[in-house]
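Working notes, structure below.
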Amino acid sequence: MKSSSMYIRINGLKLFAYHGVLPQENKVGAEYTIDLRLRTDFARAAENDELEGTVSYAEVYRSVKDEMQIPSRLLEHVIYRIARRLFDDFSALTEVNICLYKQNPPMGADCSQVGVEATYTR
């Protein structure tokens, strides 16, 4: 049996950070939600039940958390940095899809979240 595609998913990851164009956003901070879809071949891990054949969710979380702690003006820049970091930290990844949402954005509208999404390939 052969799989045509394999993805690791981490959805609804909640982190507090200081991103934004407005000075207030950099002082007060906001809650962010991240969804990740990471393409990798984990066939060996699926067959052998060994972590060495896949990517650790806990290590992915640490990499994302580290990048989220670096203040940026634009969410577009944040997801670019996260993707670059994941490719650097995990050589087995061939594609990274990231959705990053800012909760309750300060834009004068009744809006629960705003965000950006991108797919990066190695």
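Shown for H77, H19: other C-beta atoms within 10 Å of each C-beta, ranked fewest to most, produce the order H77, H19. Roughly how far apart, in whole Å, are the Cα centres of segment 26-70 and segment 76-115? Their Cα centres are 12 Å away from one another. Summing Lys and Arg as +1 and Asp and Glu as -1 over all other residues whose Cβ lies under 13 Å from the Cβ of I98 gives a net charge of +1. For the chain, the dipole from Cβ point charges (+1 on Lys and Arg, -1 on Asp and Glu) about the Cα centre works out to 280 debye, to the nearest 20. Note on the chain: lysine pairs with Cα distance below 21 Å, sequence gap of 8 or more or different chains, count 6. Under 14 Å from a point 7 Å along the Cα-to-Cβ line of Y18: which residues of segment 57-82 have their amide N that close? Zone members listed by number: 68-73.
Working note: 222 nm ellipticity from helices only, DSSP H runs with n ≥ 4, each -39,500 (n - 2.57), summed and divided by the residues of the chain, gives -9500 deg cm²/dmol to the nearest 500.
Readers should treat all values here as calculations from the given coordinates under stated rules, not as data from a laboratory. Just so we're clear, the structure is a prediction, and the values are computed from it rather than from any experiment. Cβ atoms come from the backbone with ideal geometry, glycine included; neighbour counts cover every protein chain shown.
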